[in-house]
1. With all protein chains present and a 1.4 Å probe, how do Ile280, Ile18 order by accessible area, largest first?
2. Provide the gained length on full extension for the span Glu28 to Ser310, in nm with one decimal, where the gain is 0.36 nm per separating residue minus the Cα-Cα distance.
3. Running Debye on the chain with equal point scatterers at the Cα sites and no solvent, what base-10 log of I(q)/I(0) appears at q = 0.12, 0.13 Å⁻¹?
4. For Met282 and Lys146, compute 0.36 nm times the residue count separating them, minus their Cα-Cα distance, and round to one decimal in nm.
5. For a quick check of your reading of the filter: which trypsin sites (Lys or Arg not before Pro) in segment 275-329 sit in a DSSP loop and have no more than 16 other Cβ atoms within 10 Å?
6. Calculated FRET efficiency, Val228 and Leu157, Cβ-Cβ r, R0 22 Å, to nearest 0.05?
7. Over the chain, give the accessible area per residue in Å² for a 1.4 Å probe, as an integer.
8. Using a basic spin-label model with each label point 7 Å from the Cα along Cα→Cβ, how many nm lie between Lys100 and Ala294?
Amino acid sequence: MEKNKDTRVCVTGGSGYIGCWLVKKLLEKGHTVHATLRNLKDASKVGLLKSLPNADTNLFLFQADIYDPNEFEPAIQGCEFVFHVATPMQHNPTQSSQYKDTAEAAVAGVRSIADSCIRSQTVKRLIYTASVLAMSPRREDGVGFKPCLDESCWTPLDATSTYGNTFTMGYITSKTLAEKAVLSYNDSDDSKLEVVTLPCGLVGGESVLSYLPVSVRTILSQLTGDLVFCNALKLLQEYLGSVPLLHVDDACQAHIFCMEQPSMRGRFGCAVATHSIKEIAMYFQETYPEYKMAKESTEGPEQGSKSDFSKLIKMGFEYKYGMKDILDDSVSWAKKLNGGSLSHVV
Ligand SMILES: NC(=O)c1ccc[n+]([C@@H]2O[C@H](COP(=O)([O-])OP(=O)(O)OC[C@H]3O[C@@H](n4cnc5c(N)ncnc54)[C@H](OP(=O)(O)O)[C@@H]3O)[C@@H](O)[C@H]2O)c1
């Protein structure tokens with residue numbers, strides 16, 4: 001695809017952490033963006049998106065909720081590429097009697113969005129923001145790890161966890177089943193729709209939001225002493241053997257890279273570095289000695305396998321930000337939002 005050509009694209013979940021940075025980058029490149037959010041009356045989310053460069057001419061907002069997935073159809077119509085970034089994080093049983101949990105809602109959401117892409121006759125490629133938590137090398141029988149984490153790995157859904165809670169376990173199930181469901185559209189012989197999934201590592205770094213998203217609070221948890229988010233970090237290491245990291249700008253650039261290829265389909269893991277909780281703690285200790293870390297937050301489950309995130313790089317993608325950039329950008333953003341301090345970050 002010719003770079004910087006004005007292309008019409010749809011971004012679901014355009015007001016979230018990754019979504020709004022992706023919308024910003026697409027607008028800066030001169031593309032026309034259809035962004036969806038759940039509530040067009042939410043003045044802070046709408047205001048944020050409308051303040052982005054080129055938004056006055058090139059940004060169109062649509063209201064759509066995964067619990068009513070047909071709502072995405074108008075946003076998808078006329079687009080060449082669809083980035084499905086939104087995901088149901090919390091199940092709201094009062095909102096729908098249709099789905100029993102976030103996994104059912106997420107799967108119905110990707111199916112409905114893929115079907116809308118096919119019906120549109122304009123969408124060439126659907127790019128889904130997946131999670132490395134769907135890519136665990138844990139063995140199906142729950143005993144030990146496969147030798148290498150790569151795109152051939154799928155998280156076994158009945159594995160037990162020391163660090164998971166209802167929310168995180170529901171998230172892992174929903175991201176795994178939704179990614180499998182959307183990739184299955186590549187198996188149909190007569191489908192012209194190309195589906196790409198990008199299982200992304202733990203995302204950090206500054207975005208345009210005025211609050212810290214969950215993944216940045218997870219990255220900072222050793223410094224802030226937030227044990228709930230520390231457990232999320234340990235869960236990553238428990239499932240993946242280490243913590244795959246990714247800068248928000250690289251995450252969005254990778255999405256755009258997948259759009260710019262003449263033809264592309266399949267699963268491409270997306271993380272620049274994998275480090276253990278201990279290594280991350282050592283970097284924080286050396287760089288920010290003013291913060292005293294609780295010993296329990298600096299140690300994680302000691303097990304794992306090698307990771308291979310080279311498939312996307314072999315396609316020609318180049319990461320710009322390493323582990324130190326991701327950690328430092330997350331710290332400086334949190335301080336900026338929090339009057340120079342990291343205590344009580346929200
Ligand atoms: N951040 C990470 O470390 C990371 C890593 C791997 C994968 N991912 C994936 O990246 C995507 C974005 O995550 P994020 O970190 O940017 O989180 P986020 O800031 O919480 O964004 C979540 C987005 O999902 C939307 N959403 C939630 N429930 C919805 C529903 N029922 N219907 C429609 N939209 C709904 C939200 O829309 P509203 O603004 O309208 O509420 C929001 O835009 C997710 O698919 C996530 O699984 C994130």
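The values are calculated or read from the model by the stated rules, or taken from the named source; none is laboratory data. The structure displayed is predicted, hence computed values, not measured ones. Cβ atoms come from the backbone with ideal geometry, glycine included; neighbour counts cover every protein chain shown. Ligands, DNA and RNA are stripped out before the accessible areas are found, and what is left, the full protein with its side chains, is counted by its heavy atoms. Shrake-Rupley method; radii C 1.70, N 1.55, O 1.52, S 1.80 Å.
1. Ile18, Ile280
2. Using 0.36 nm per residue and subtracting the Cα-Cα distance, I get 98.7 nm.
3. Rounded to two decimals, the profile gives -0.85, -1.01.
4. 46.2 nm
5. Lys292, Lys320
6. Efficiency, rounded to the nearest 0.05: 0.45.
7. Ligands and nucleic acids excluded, the result is 43 Å² per residue.
8. With each label placed 7 Å out from Cα toward Cβ, I get 3.6 nm.
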